[in-house]
Ligand code: NI
């Protein structure tokens, strides 16, 4: 397993639409293992393949608390079948938008269809944090970030801040 570099906004790659996985094979599983390792290292509770520069419809998540046993979740080609009409608000952050948080409303329940680690089709009824997290990650597969739900002004403030941080990181003195 390898820890990969996480892309940070603004990065045009993060805005790409990810492609469907045609076959769940060992290459896909090895990618998912790397994604999980990268997510645990960050640390975060969810990661989409596009965030490490792979435009495939793959998500890993683990919502276990610090003192609990790890509970890795793998979603390949996830699709939302139904969503509830009641919204739930969470303060969201994202590994590709470091240090920035905002309250986002999303449906509190959703039903999704996906392929699991072994390529078997599964249906999941998600609610609460799990539902929010899955919807946040599925957005990544469409090139959407949580900051896109904010006002234009707020979003551009965040993007400017991130661009500045990025430049500072790249600066070297020899
Ligand atoms: Ni994210």
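For the structure I just gave you, tell me whether residue 55 is surrounded by fewer than 19 Cβ atoms within 10 Å (Cβ to Cβ), under 15 Å from the mean Cα position of the chain (by Cα), within 16 Å of the ligand (Cβ to nearest atom) and without any contact (Cβ under 8 Å) to a residue 60 or more places away in the chain. Give the steps one after another, and end with the answer.
Numbers: surrounded by fewer than 19 Cβ atoms within 10 Å (Cβ to Cβ): yes; under 15 Å from the mean Cα position of the chain (by Cα): yes; within 16 Å of the ligand (Cβ to nearest atom): yes; without any contact (Cβ under 8 Å) to a residue 60 or more places away in the chain: yes.
Yes: the conditions hold for residue 55.
Being in contact (Cβ under 8 Å) with a residue 40 or more places away in the chain, more than 13 Å from the ligand (Cβ to nearest atom) and either in contact with a helix residue (DSSP H, G or I) (Cβ under 6 Å, 6 or more places away or on another chain) or over 24 Å from residue 9 (Cα atoms) (or both) is the requirement here; does residue 116 meet it? Criteria met by residue 116. Residues of region 85-106 that are crowded, with 18+ Cβ neighbours inside 10 Å and either in a strand (DSSP E or B) or at pLDDT below 95 (or both): 90, 92, 94, 97, 100, 104, 106. The single condition among (1) within 16 Å of the ligand (Cβ to nearest atom); (2) surrounded by fewer than 16 Cβ atoms within 10 Å (Cβ to Cβ); (3) free of Cβ contacts under 8 Å to residues at least 40 places away in the same chain that residue 64 does not satisfy is (1).
Residue-by-condition table, conditions (1) closer than 14 Å to residue 78 by Cβ; (2) touching a helix residue (DSSP H, G or I) at 6+ places or on another chain (Cβ under 6 Å); (3) assigned to a helix (DSSP H, G or I); (4) touching a residue at least 60 places away in the same chain (Cβ under 8 Å):
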position: 3; (1), (2), (3), (4): no, yes, no, no
position: 10; (1), (2), (3), (4): no, yes, no, yes
position: 23; (1), (2), (3), (4): no, no, no, yes
position: 30; (1), (2), (3), (4): no, no, yes, no
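Please identify the pairs in which a residue from region 38-49 that is free of Cβ contacts under 8 Å to residues at least 40 places away in the same chain and farther than 18 Å from residue 14 by Cβ has its Cβ atom under 6 Å from the Cβ atom of a residue that is outside any strand (DSSP E or B) and more than 12 Å from the ligand (Cβ to nearest atom), counting only partners at least 6 apart or on another chain. Once the first residue is free of Cβ contacts under 8 Å to residues at least 40 places away in the same chain and farther than 18 Å from residue 14 by Cβ and sits in region 38-49, its partners that are outside any strand (DSSP E or B) and more than 12 Å from the ligand (Cβ to nearest atom) give 41/3. Filtering region 131-154 to residues that are surrounded by fewer than 17 Cβ atoms within 10 Å (Cβ to Cβ), more than 14 Å from the ligand (Cβ to nearest atom) and in a helix (DSSP H, G or I) leaves 152, 153, 154.
The values are calculated or read from the model by the stated rules, or taken from the named source; none is laboratory data. Because the structure is a prediction, the values reported are computed rather than measured. Ideal geometry is used to build each Cβ from the backbone, glycine not excepted, and the neighbour counts take in all protein chains shown.
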